[in-house]
1. Under 6 Å between Cβ atoms, at least 6 apart or on separate chains: pull out the pairs that start in region 165-178 with a residue that is over 14 Å from residue 101 (Cβ atoms) and end on any residue that is assigned to a loop (DSSP other than H, G, I, E, B) and open to solvent by 10 Å² or more (accessible area, probe 1.4 Å).
2. Suppose we filter 149, 97, 123 for residues that are at pLDDT below 90, of a type in the set (S, T, N, Q) and farther than 23 Å from residue 53 by Cα; which single one remains?
3. Name the one entry in 64, 53, 49, 60 that is over 16 Å from the mean Cα position of the chain (by Cα) and open to solvent by less than 40 Å² (accessible area, probe 1.4 Å).
4. Please go through region 8-46 and give me each residue that is over 24 Å from the mean Cα position of the chain (by Cα), modelled with pLDDT of 75 or more and open to solvent by less than 80 Å² (accessible area, probe 1.4 Å), ordered by number.
5. What residue, of 171, 215, 129, is open to solvent by less than 10 Å² (accessible area, probe 1.4 Å), closer than 27 Å to residue 85 by Cβ and at pLDDT below 80?
6. Looking at 166, 195, 189, 208, can you tell me which residue is of a type outside the set (Val, Ile, Thr), over 24 Å from residue 25 (Cα atoms) and at pLDDT 85 or above?
7. Collect the residues in region 60-78 that are of a type outside the set (S, T, N, Q) and more than 14 Å from residue 33 (Cβ to Cβ), keeping them in residue-number order.
Amino acid sequence: MNRNLLLIFFLSFVFLSVNGQTNVYHPFPDSNAYWYSDKSWMVNSNPPVGVNVIIWDWIVGDTVIGSFTYKKINEYTYCQNNGATTLGYAAALRQDTIQEKIFLFNGHGDTLLYDFNLSVGDTIPKWFINSTYPQDKISSIDSILIGTTYRKRYNISMGGCCQPQSLIEGIGSTMGLLLFLDEGTENSSTLICFSHNGQTLYPNSTGSCNFPLGIN
């Protein structure tokens with residue numbers, strides 16, 4: 001077998017391996033998961049003032065609502081402008097692995113939080129994190145290495161209002177777990193890192209995603 005045949009064999013193996021990983025739905029974690037995000041916005045004052053808040057979300061256990069079992073999400077926020085903090089319950093999430101969707105209980109019923117069963121060209125549905133601009137569409141679908149496996153990444157065209165964002169299977173939005181996609185031109189949100197079972201998985205496995213000490 002010459003060198004060219006070996007190269008073709010190797011590339012074919014890599015392609016089949018990656019394609020096989022992305023054809024398998026990667027569900028959300030059910031425990032020991034942390035999302036660390038950064039949110040900034042402008043306050044309409046004279047002069048305008050920028051506000052920056054860091055946000056931690058994590059799974060704290062189960063809760064049964066009606067006939068469904070949800071994962072409880074707690075949230076800790078820290079305002080870097082004045083040191084103000086908040087800590088408490090933020091949301092109840094459940095996932096339907098058959099539909100490949102994540103739902104949020106809003107006090108009255110389920111609201112769609114994430115849909116990982118979309119195709120290129122699909123308009124983003126009305127859901128909790130999206131105010132549904134008519135132009136918001138799935139512009140492309142590719143894969144991203146998370147830990148040791150490749151997962152689907154859904155890239156979103158924001159209709160010219162905002163920076164392009166993405167949805168990643170098993171993690172959520174690149175803006176943060178519960179933060180809105182349509183932030184506008186003067187606001188921004190970014191998922192700094194995501195960790196599961198003590199290992200940082202996003203944006204890579206080499207960085208640190210340490211949870212703030214002293215938070216019970």
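The values are calculated or read from the model by the stated rules, or taken from the named source; none is laboratory data. Given the structure is predicted, the values throughout are model-derived calculations rather than measurements. Every residue, glycine as well, gets a Cβ built from its backbone with ideal geometry; the counts of neighbours run over all protein chains shown. Remember, those area values only see protein heavy atoms, side chains included, never the ligands or the DNA or RNA. Shrake-Rupley method; radii C 1.70, N 1.55, O 1.52, S 1.80 Å.
1. Listed pairs, sorted by first residue: 165/174; 166/174.
2. None of the others qualify; the one that does is 123.
3. 53
4. Residue satisfying the conditions is 43 alone.
5. Within the list 171, 215, 129, the selection yields 129.
6. Exactly one of 166, 195, 189, 208 is of a type outside the set (Val, Ile, Thr), over 24 Å from residue 25 (Cα atoms) and at pLDDT 85 or above, namely 189.
7. Answer for region 60-78, where residues must be of a type outside the set (S, T, N, Q) and more than 14 Å from residue 33 (Cβ to Cβ): 64, 65, 66, 68, 70, 76, 78.
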